[in-house]
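Only one structure is covered here, and it is reproduced in the block below.
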Amino acid sequence: MITVPSILNETYPSLFTDHVTLDEAIYPMSVAQPNHDPRIFAACVLGLICGGAAVAIGLAKITFYTYVHDASYLRGFCAMMAAVVSLLLVAETTLMYQSGIDSLNLLYPHLRATAGPGMTMMGIALMVFFLSSLSYMNGCLSRDTSDEGYEPL
C-alpha cells in the first residue's frame, strides 16, 4: 500500500531520522491510536450536490421564471444543508488536522508543519452557503398567505 509517509521516507529519508520520544503522561495522544476514516470525501460530495442543486434551482428560477415557482423554498433548504455540511467539515478538519500538525511539530522538531488553504476555503464555502440560504429563504417564515413564494428583496 502506498501512503504519504512511505513516499516521503523513500524520497527524503533524512526527514524522519531524529524522532523525539514524547512522555505519555504529558502527551496522552502520542501513543498509537486506532486507524479511523472520517469520510471527509463523502461529506464534500454531499455539500457539492446540495450547493449545486441550490444553484441549479436558482438559475432555473431566473431563466425560466414563468415556469419555475419555488413555493416550497427548496433552493433555500438545499443551500442550508450545504452550509450545515460545510460547518461539520470545518469542525472535523479543525479537530483532526490541527492535532496532527501539533503532534508532528512535537515529534520532529526540525520539521515545520502548517495548515494549508483548505480550512480557509471551507470557511468561505460555509459563509457563502449560509448567506445564500438566507437570501433564498427570504419570506419563508412570514405570515403572508400569498402564493408568490418569495417576497422581493
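The values are calculated or read from the model by the stated rules, or taken from the named source; none is laboratory data. Computed from a predicted structure; not experimentally measured. Here Cβ is always computed from backbone atoms with ideal geometry, including for glycine, and neighbour counts include all displayed protein chains.
Checking the structure you have, find out if any residue of the range 55-71 is on the phi < 0 side of the Ramachandran plot, in contact with a helix residue (DSSP H, G or I) (Cβ under 6 Å, 6 or more places away or on another chain) and at pLDDT 80 or above. Yes, the conditions are met somewhere in the range 55-71. Among the residues of the range 68-76, is there at least one that is part of a helix (DSSP H, G or I) and closer than 30 Å to Phe16 by Cα? Scanning the range 68-76 turns up no residue that is part of a helix (DSSP H, G or I) and closer than 30 Å to Phe16 by Cα. Scanning the range 1-44 for residues that are outside any loop (DSSP other than H, G, I, E, B), at pLDDT 75 or above and surrounded by 12 or more Cβ atoms within 10 Å (Cβ to Cβ) returns Ile40, Ala43, Cys44. Being surrounded by 13 or more Cβ atoms within 10 Å (Cβ to Cβ) and in a loop (DSSP other than H, G, I, E, B) is the filter here; which residues of the range 92-144 pass it? Within the range 92-144, Tyr108, Ala113, Ala115, Met137, Asn138, Gly139, Cys140 qualify.
For the range 48-66, indicate whether the set of residues that are charged (D, E, K, R), in contact (Cβ under 8 Å) with a residue 24 or more places away in the chain and assigned to a helix (DSSP H, G or I) is non-empty. No, the conditions are met nowhere in the range 48-66.
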